[in-house]
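The structure appears right after this line, and notes come after that.
The values are calculated or read from the model by the stated rules, or taken from the named source; none is laboratory data. What you see is a predicted model, and the numbers here were worked out from it, not measured in a lab. Cβ placement follows ideal geometry from the backbone for every residue including glycine, while neighbour counts extend to all protein chains displayed.
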Amino acid sequence: MIKVIELFAGVGGFRLGLEANNTKSKKHYKIVWSNQWEPSTKLQHASDVYKLRWPKDSNHSCEDIAKVIEEDFDSIPDHDLLVGGFPCQDYSVARTLNQASGIIGKKGVLWWTIHSILDKKGEDAPKYLMLENVDRLIKSPATQRGRDFAIMLASLSDLGYAVEWRVINAADYGMPQRRRRVYIMAYRKNSSMYEKISKLDRLNLTSDWVSDSGVMQDAFPMKFSEMFFNTMEIKGKLEDISENHKDYDAKKRPFLNAGIMINRRAYSSSGKAQFEGEFTKLSDILVNGRVPSEFYISEDDLERWKYLKGSKKERRTAKGGFEYSYNEGPVAFPEPLDRPSRTIITGEGGNSPSRFKHVVKKRFGKKYRRLTPIELERLNMFPDNHTIGASNIKRAFFMGNALVVGVVEELSKSLLTELKSS
């Protein structure tokens, strides 16, 4: 059994994906500790939903994770796998006051809380990591493309991990939503995966893990038209990488959409999803039966919706009186039902007209409407009414922040397969 801690847990998307691999006779994954804390609000709505879904789980923490690490680190149990979807922020680091070799992660940057747990656990650090982030992580910030990801890779390498990553669009693999995210898996030196990658590295075949034999290629196959892989040595202390404008600038793109890193040497290439199953359409997830009236768009608001969704080429005036030309293309209105959904955003809830909220109209229907909370849950492959108990606006917000559960399910299934074969 693999013992797991779930950080930045939200309403439990990682947990659902992991536990989907459990059976009545065999529990492959067990969440031994979880943490969810939203710093910008007094009421912890997501944590409340998490506790409501898993009421017998007494090892759930609703405290600032940085405070837990600093004041109550022993409450974080030893574990085999650490999972979490952490925000994409500025990962720059600063030299310590005495210019020694230590680093100070920028305050509030949640990546450094993960780093702190791995570092403080020492020899008891988890063998495996499974992390999720927006896909722009591998090319941020805009003025130093790839710098943030290089800092992450280098810091994990220094802690004894090999790392693979892949940008996965869930819809490319038959899931109901077009949601592109970068998924990161890491394997510590005391794991069988690290040994396999290290062996390939000694044979100059490291890229084979990405294109042929790795965990991510098994779960989400990609075809690589070119067997040429970008190779990059990530040099220097972490604070030196932070200040490096030579190897990381606005024009370079050192990390492509699939890759691997071991001993600070990174290999990456551009892969295209390979999938032979059936694709899910937006129409497949719509509820049958009566939809509450609050989700229908009134005739009075319809023109405003159409304007916001439509293309624009107009003169606008800024607050200071400056006039400028504003242009934007159209957004489908209503949403096409014969293809996967667009990405859900956190502002999906509420009845106010918006360019980005989903609006559907059934083939034989006369009225336009927004998606219901259950439909938003289905787009992320959550169980129906997983978030019930919160307001409809909050339920939409949760799904805008969540991941597609099916991606985690497939990655964790692949990890089990790899462990069984080792």
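Below, the figures for the structure above:
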item	result
Hey, residue 409 under 21 Å from the mean Cα position of the chain (by Cα), among the charged types (D, E, K, R) and over 25 Å from residue 289 (Cβ atoms) or not	yes
Residue among 209, 165 that alone is assigned to a strand (DSSP E or B), of a type in the set (A, V, I, L, M, F, W, C) and in the same structural domain as residue 111 (by TED's automatic domain parsing)	165
Subset of region 279-295 [touching a residue at least 24 places away in the same chain (Cβ under 8 Å) and either more than 30 Å from residue 172 (Cα to Cα) or hydrophobic (A, V, I, L, M, F, W, C) (or both)]	279, 282, 285, 286, 287, 291, 292, 294, 295
Of the criteria (1) crowded, with 16+ Cβ neighbours inside 10 Å; (2) out of contact with any Lys or Arg (no Cβ under 6 Å at 6 or more places or on another chain); (3) not hydrophobic (A, V, I, L, M, F, W, C), which one residue 319 fails	(1)
Evaluation of residue 319 against (1) closer than 28 Å to residue 180 by Cβ; (2) in a loop (DSSP other than H, G, I, E, B); (3) not small (Gly, Ala, Ser) (one fails), failing number	(1)
Meets criteria (under 23 Å from the mean Cα position of the chain (by Cα) and of a type in the set (Lys, Arg)) for residue 370	no
Single condition residue 248 does not satisfy, out of (1) surrounded by 15 or more Cβ atoms within 10 Å (Cβ to Cβ); (2) hydroxyl-bearing (Ser, Thr, Tyr); (3) not in a loop (DSSP other than H, G, I, E, B)	(3)
From the options 171, 154, residue that is at pLDDT 95 or above, in contact with a Leu (Cβ under 8 Å, 6 or more places away or on another chain), part of a helix (DSSP H, G or I) and in the same structural domain as residue 88 (by TED's automatic domain parsing)	154
Close pairs from region 116-127: first farther than 17 Å from residue 64 by Cα, partner of a type in the set (Gly, Ala, Ser) and not in a helix (DSSP H, G or I), Cβ under 8 Å, at least 6 apart	118/125; 119/125; 125/160; 127/191
Residue within region 224-239 that is closer than 18 Å to residue 140 by Cα, among the acidic types (Asp, Glu), in the same structural domain as residue 115 (by TED's automatic domain parsing) and at pLDDT below 90 present	yes
Output for region 297-313, where each listed residue is loosely packed, with under 11 Cβ neighbours inside 10 Å and within 36 Å of the chain's Cα centre (by Cα)	303, 311, 313
Pairs with Cβ under 8 Å, 6+ apart, first in region 331-358 and of a type in the set (Ser, Thr, Tyr), second part of a strand (DSSP E or B)	341/177; 343/177; 343/180
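To keep it simple, each residue is scored yes or no on (1) in contact with a strand residue (DSSP E or B) (Cβ under 9 Å, 6 or more places away or on another chain); (2) within 27 Å of residue 168 (Cβ to Cβ).
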| residue | (1), (2) |
| --- | --- |
| 352 | no, no |
| 355 | yes, yes |
| 385 | no, yes |
| 388 | no, no |
| 398 | yes, yes |
